[in-house]
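The values are calculated or read from the model by the stated rules, or taken from the named source; none is laboratory data. Computed from a prediction, not measured in an experiment: that's the story for all the values here. Note: ideal-geometry Cβ built from the backbone for every residue, glycine included; neighbour counts use all protein chains shown. Please note that ligands, DNA and RNA were not included when accessible areas were found on the heavy atoms of the full protein model with its side chains. Shrake-Rupley method; radii C 1.70, N 1.55, O 1.52, S 1.80 Å.
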Amino acid sequence: NKDKLQKLLLFKSSKTEGEDNFISLQEYVERMQPWQKEIYVFPGESIGTLKDSAFMDAFNDRDAEVIYLTDAVDEYFLQNVREFDGKKFRDITKDGVKFSDEDEDMAKRRAKVYSDTFKPLTKFLKKLYGSDVSRVSISKRLGRAPAIVSSNEWGNSANMDRIQRAQAFAHGVAPGENTMPVGIMELNPRHPFIINLLESLPKDTEEEDNIPQSVKDTAWILLDMATMSGGFPVRDPKKYAARMTRVLKSNLGIESLKLADEIEPPELDEEADEPDFDMPDFDMDGIDLDGMDLGGSGF
């Protein structure tokens, strides 16, 4: 019955438009690219967020359709149903995404050159980030983004982590920093940020004192950007705020964050006393109140 039920499922995808337009798994398989061997799925919080994600760049460039999974139950579906019609589901936010539209020999040779060229940078970043990432690698699928944090192939996705954290909060449990997942930092070797960061490294990166603070901050901000682009929360908001403070201080040319002296406002002139109401020529005794027509006011 599982196979029959799968055929009844309907999803939104990167090629469906309109609120009432959905696609079945069978329809997806029928319009897969000729080189495509897997069913690409993208779990996340909303379709708008998924459409604009850096994860989509490589698939949009290849005109490859991606199924959007925005319901919490979809994540549990993926954990229990691995394939459809002989095609495995591939979460594009995880490690291991490969494309078969490239020359395999060319892809291998290019990957080796990139790996050798950027080895000083990946080695430096892994040492700098420590346990905040499982590894630093050169990405084969990034388009316009400088970097992104992906999930381990056999671990939870960023979306699944978000769901579990929300469930924990709903039950009064606040997950700590040590419960946050550790992802893979993927670098785009063609992006100017990455190339410039590589060129900014001193020849000797073993001694931490040789690394300028500006380079360290740039590297950490790159991870912050990649983390949020990957759908993960920033691991340490306090350190993130401290880094951004240093960057703003440098960009604004501020030497000290000492607060300016409190201003001393000028004293306001005392308001003049209101003049006494004095009408010396007015005779109250001469007014005939009985003869006045008060219009039936009742006074």
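Given a 1.4 Å probe, how much area per residue of the chain is accessible, in Å²?
On the way: 20100 Å² over 299 residues.
Result: 67 Å² of accessible area for each residue.
In percent, how large is the relative contact order of segment 1-144, given Cα pairs closer than 8 Å and 6 or more residues apart?
Across segment 1-144, relative contact order equals 25 percent.
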Projected label distance in nm at Asn251 and Asn210, using a 7 Å step from Cα toward the beta-carbon: 3.0
Distance from segment 1-37 to segment 57-110 (C-alpha centre basis), Å: 14
Percent carbon-and-sulfur accessible area, the chain, ignoring ligands, DNA and RNA, probe 1.4 Å: 51
All lysines inside 22 Å of Lys108 as judged from Cα atoms, apart from same-chain residues fewer than 8 positions distant: Lys37, Lys94, Lys98, Lys119, Lys123, Lys140
Label-point gap, in nm, between Ala107 and Glu267 - each point 7 angstrom along Cα→Cβ: 8.2
About the Cα centre, charge dipole magnitude for segment 14-97 (Lys/Arg +1, Asp/Glu -1 at Cβ), debye: 400
Over the chain: helical MRE at 222 nm, DSSP H runs n ≥ 4 each giving -39500 (n - 2.57), nearest 500: -10500 deg cm²/dmol
Inter-label distance, nm, simple model (7 Å from Cα along the C-beta direction), Val73/Asn196: 4.8
Gaussian network model of the chain, Cα within-10 Å springs - most flexible of Pro212, Pro233, Pro146: Pro212
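Just to confirm the filter: which GluC sites (Glu not before Pro) across segment 176-249 are DSSP coil and have at most 11 other Cβ within 10 angstrom of their Cβ?
Working: sites: Glu177, Glu186, Glu199, Glu206, Glu207, Glu208; in loops: Glu206, Glu207.
Passing sites in segment 176-249 are Glu206, Glu207.
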